[in-house]
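Trainee: For reference, the structure I am asking about is given below.
The values are calculated or read from the model by the stated rules, or taken from the named source; none is laboratory data. Please read all numbers here as calculations on a predicted model, not as lab measurements. Note: ideal-geometry Cβ built from the backbone for every residue, glycine included; neighbour counts use all protein chains shown.
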Amino acid sequence: MKVLVIGGTLFIGRNLVQELLKAGHDVTVLHRKPEHEFGKKVHNLQADRNDPNQMKTALTGKGFEVVFDNVYDWERGTTAAQVEGSARAAMGESLKRYIFISSVAAYSDGLNHYEGDALADDNHPEAYMRNKAMSERMLFRLHQRHNFPAVTLRPPYIYGPGNPFYREAFFWDRIRDGRQVIVPSDGRRLMQFVFVKDLVQACLRAMEEPAAIGHAFNIASPKPQTQNDMVQALADAAGKKVEIIRIPRERILRAGGHPMGPQLYFGMYFDMPPITMLVTKAQRVLKFKPTDFATGMKETYKWYKTNSPFPAPNYAFEDALLARLASPPVTRPAHA
């Protein structure tokens, strides 16, 4: 099929493009640069997806059968109106599927969400949550009114080889350097993950499964992890011991720590209020089969050892926190 990937040069997109090529599809990447690194086998379209006029110019007459919309502008935000501009630019008789990568954050809060649960309000204070939820509502309105072939996928934290966010690598840097790892408060906040390759496989199934049209799907590992469990899983993947130090979250934040940095204390945007979801619908309709968390982490660690793109870590903020700490450490051995 003739496939467009909007934002196909980074984490999800790069993996998706490679799998689409393996399956024999005719692939085009749309991004803001005049070229990409895939070579001549992948076509290139240059446009700013946040500019509806540029998108209309870029897509008019192209006749794509499948569009994957998986880019979010973290600096400027990507609104529902901008997603709508992309969707309308892609409209046509040839379009069989418009697959939008949303997020668990579209739910805004709460545990064990089904796809039919309410999404974040239009006036939610967090732009990312608001934009994802509003974009989904807009796409499903297009489906209801114009039979637009929309599908949305809602992943939680995505991990795997090539992750551009300083998340798994944040902890492996510290574990390999023999440092104590700070866990905020009791470490029992729940986190849910999905292996990037599992998300890509869900994308491929969504483009082929007729029953997917007009539906949202939660795409995740079924079992959430506590923050403590996640740190231990990372240590296990590296085959090393980890010394966990628990510091009250309030104390960390008062000292200047922030989930988005620059004074990170638990990986970029990792220490957030828990949102979890159930994946039975994806398992039933898309035949979704998630990779075991430990297996996925081991594969990710292999990539990290030789390809980590991050600068050398700065431990000054953590050293200052640890220097003021009075509570005893908790040591956990790596499993055999």
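So that you can scan it fast, the table gives a plain yes or no per residue for (1) of a type in the set (S, T, N, Q); (2) buried (at least 17 other Cβ atoms within 10 Å of the Cβ); (3) part of a loop (DSSP other than H, G, I, E, B); (4) in contact with a helix residue (DSSP H, G or I) (Cβ under 8 Å, 6 or more places away or on another chain):
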site	(1), (2), (3), (4)
GLY61	no, no, yes, no
ARG76	no, no, yes, no
GLY85	no, yes, no, yes
TYR128	no, yes, no, yes
ASN131	yes, yes, no, yes
SER135	yes, yes, no, yes
PRO161	no, yes, yes, yes
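Trainee: Then there's this: Does the range 294-303 contain any residue that is of a type in the set (Ser, Thr, Tyr), in a loop (DSSP other than H, G, I, E, B), in contact with a strand residue (DSSP E or B) (Cβ under 9 Å, 6 or more places away or on another chain) and in contact (Cβ under 8 Å) with a residue 12 or more places away in the chain? Give the derivation first.
Mentor: Initially, the range 294-303 is screened for residues of a type in the set (Ser, Thr, Tyr), giving 295, 300-301.
When the remaining residues are screened for being in a loop (DSSP other than H, G, I, E, B), the result is none.
For the range 294-303, residues of a type in the set (Ser, Thr, Tyr), in a loop (DSSP other than H, G, I, E, B), in contact with a strand residue (DSSP E or B) (Cβ under 9 Å, 6 or more places away or on another chain) and in contact (Cβ under 8 Å) with a residue 12 or more places away in the chain: absent.
Trainee: From the list ALA23, ALA120, pick out the single residue that is touching a residue at least 12 places away in the same chain (Cβ under 8 Å) and either surrounded by fewer than 16 Cβ atoms within 10 Å (Cβ to Cβ) or at positive phi (or both).
Mentor: On the way: ALA120 fails: either surrounded by fewer than 16 Cβ atoms within 10 Å (Cβ to Cβ) or at positive phi (or both).
Criteria check complete, one pass: ALA23.
Trainee: Could you list, in sequence order, all residues of the range 1-45 that are closer than 20 Å to PRO161 by Cα and out of contact with any helix residue (DSSP H, G or I) (no Cβ under 7 Å at 6 or more places or on another chain)?
Mentor: Selection gives THR9, LEU10, GLY13, ARG14, VAL17, GLN18, LEU20, LEU21, LYS22, HIS36, GLU37.
Trainee: In the range 222-237, is there at least one residue being under 19 Å from the mean Cα position of the chain (by Cα), touching a residue at least 12 places away in the same chain (Cβ under 8 Å), assigned to a loop (DSSP other than H, G, I, E, B) and surrounded by 20 or more Cβ atoms within 10 Å (Cβ to Cβ)?
Mentor: yes
Trainee: Here's another thing I want to ask about it. May I ask you to verify whether PHE68 is touching a Ser or Thr at 6+ places or on another chain (Cβ under 9 Å), outside any helix (DSSP H, G or I) and in the same structural domain as MET129 (by TED's automatic domain parsing)?
Mentor: Working: touching a Ser or Thr at 6+ places or on another chain (Cβ under 9 Å): no; outside any helix (DSSP H, G or I): yes; in the same structural domain as MET129 (by TED's automatic domain parsing): yes.
No; evaluated as a whole, the condition is false for this residue.
Trainee: Moving on. Among what's in the range 238-263 and is assigned to a loop (DSSP other than H, G, I, E, B) and small (Gly, Ala, Ser), pick the residue that is farthest from PHE288 (Cα to Cα).
Mentor: So, considering only residues that are assigned to a loop (DSSP other than H, G, I, E, B) and small (Gly, Ala, Ser), the one farthest from PHE288 (Cα to Cα) is ALA255.
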